[in-house]
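The values are calculated or read from the model by the stated rules, or taken from the named source; none is laboratory data. The structure displayed is predicted, hence computed values, not measured ones. For neighbour counting, all protein chains shown are included, and Cβ atoms are generated from backbone atoms with ideal geometry for every residue, glycine included.
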Amino acid sequence: MPVQLFTATDSHTIRFRQLQRGTSDRVRNKRVNERTGEEVPPDEIVKGLDAGDAYVILEPRELEDIAPGRSRELEITGFVDLADVEPVFFDRTYYLGPKGEQYEKVYAVLEKALERAGKAGIATFVMRNREYLVTVKAESGILTLHTLHWADEIRDPRAEIDDLPGRVRVADRELKTAEQLIDALSMEWDPEDFHDTYHEKVQDLVEAKKKGESVEKAEQPAEATNVIDLMDALRASVDRAKSKKARPSRGKGGTAERSAAGHRSRARTEASLASLTKSQLYDLAAEAGVQGRSAMKREELLEALSHAGARAKAS
């Protein structure tokens with residue numbers, strides 16, 4: 001079944017140019033010999049692996065000779081249960097589409113069969129001179145391909161983290177209270193409820209700079225506090241979580257209509273705006289669509305949010 005491969009995700013990475021301060025002159029990186037300080041042309045650069053007392057030199061043509069050719073087919077080795085592939089193995093996601101109308105039926109058959117079986121196909125293929133371990137899954141009516149990490153690329157957490165707890169005895173009441181906290185904060189998963197606030201702030205900063213406006217520095221996050229009494233901390237967290245459960249908003253017929261975004265917004269507005277940090281006020285201003293928020297001081301954010309709240313109640 002011929003298929004086409006499509007990138008499934010975009011990155012929020014903002015790409016800046018390097019410029020010399022006070023000018024619009026680009027600053028470029030050069031390949032320079034560390035010993036002589038002279039620039040080296042590309043055709044004089046070879047690959048080298050540090051072997052301890054010397055380098056093993058590899059010529060570009062030697063690497064090209066052993067490089068695998070691009071795969072013309074993706075042969076599925078076998079099928080595994082979806083739950084058996086641990087999340088740590090997943091890397092990048094691609095969409096698979098049939099390469100032509102004549103292949104739509106076999107594409108649909110494979111997609112529906114994988115969905116019914118709850119299985120994922122495991123395969124290997126070569127792309128850009130690199131071999132990949134991949135899984136083919138059925139998701140929302142289409143086939144997806146996920147590149148996987150090889151087993152020897154997964155780090156052992158107990159070798160990486162020195163202070164992982166060993167056999168710790170947990171009291172039943174502590175565990176039960178922790179479970180109550182999880183239950184109190186349970187919500188429906190909706191990725192649209194979450195957004196990259198730093199990316200938005202960078203964009204606001206760029207817009208403010210274009211207009212010649214100044215932007216205040218973000219406040220430092222609050223320092224973490226040491227937990228003295230676990231039960232007291234858990235109970236306090238449960239109480240806060242329960243109080244943050246948004247009160248039902250009465251719509252037509254008294255029906256309670258609540259969204260995850262509404263939960264957060266109403267929970268935050270229960271506390272006095274004056275008790276929030278500037279960073280928290282900025283986040284609320286972003287949700288409320290307050291214009292010019294990036295250049296506002298803390299007091300101006302408070303005033304703008306108060307007016308926004310008044311308008312919302314009036315409507």
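Being hydroxyl-bearing (S, T, Y) and under 17 Å from V238 (Cα atoms) is the requirement here; does S186 meet it? Yes. Restricted to the range 111-201, the set of strands (runs of 3 or more DSSP E) holding at least 3 residues that are hydrophobic (A, V, I, L, M, F, W, C) and out of contact with any strand residue (DSSP E or B) (no Cβ under 7 Å at 6 or more places or on another chain) is empty.
Of the residues N33, N29, only one is surrounded by 10 or more Cβ atoms within 10 Å (Cβ to Cβ), among the polar types (S, T, N, Q) and without any contact (Cβ under 8 Å) to a residue 60 or more places away in the chain; which?
The unique qualifying residue is N33.
Restricting G48, G37 to those that are under 24 Å from E131 (Cβ atoms) and modelled with pLDDT of 90 or more reduces the list to G48.
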